[in-house]
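The structure appears right after this line, and notes come after that.
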Amino acid sequence: MESIVLCITGASGTVYGIRLLEELSKRFNLYLVVSDSAFKVMEAELGMERSEFLKKLPENCRFYSQSEIDAPVSSGSVLSLTEGVIVAPCSTGTLGAVANGISNNLIHRVCDVALKERKKLYLLVREMPLSLIHVKNMERVISAGGVVSIASPSFYTKPETVDDMVNFVVGKVLDHFGVKHNLYKRWRDEGF
């Protein structure tokens, strides 16, 4: 089974990371890195404590804290064998670190290694409004080969629940990695 790296930062929208974890673990072995801030946001947004989250991790998932800078995926020799890296949600702090080549923690390092190894890097930023600094940082990441996306649900799918909106955004991330799914109805899909 192929492997992929999923990082969850302290931006609002930890539900995106959790939903991606559920979907990706069906198809990949997972390296999972969760920041300390993400656990705080997860508890505030979803009422889920760190211990509860860690208890529910699938068997094909290897968890690392942001401080484990010596984790296997901090090395290009391991990361180069993965399908790439997804950061969801991605805080603007993480965006800034990645855009400027700063590796203060394992999430930053994994993103830096993905760029140098020319692996797919997808940052799902969850912030609004954006400052010019954020936009310039996005430009730097895109120029370096990464993909930057704003967590922006569609309305042509006629979402009825928050879960419908989350599934659309998660589905768009999965599309980028070529992962087949049925999380949302595609625009004027004719079934081919």
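Every read-out reported here was derived from the displayed coordinates using simple, explicitly stated rules and does not represent laboratory data. None of these values were measured; they are calculated from a predicted model. Glycine gets a Cβ as well: all are built from the backbone with ideal geometry, and neighbour counts include every protein chain shown.
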* Structure fact -> Contact list, first residue from the range 144-159 and polar (S, T, N, Q), second anywhere and not in a loop (DSSP other than H, G, I, E, B), beta-carbon distance below 6 Å, six or more apart or interchain, is Ser149/Leu124; Ser154/Phe168; Thr157/Phe168
* Just a yes or no: is a residue in the range 158-166 in contact with a strand residue (DSSP E or B) (Cβ under 8 Å, 6 or more places away or on another chain) and not charged (D, E, K, R)? -> no
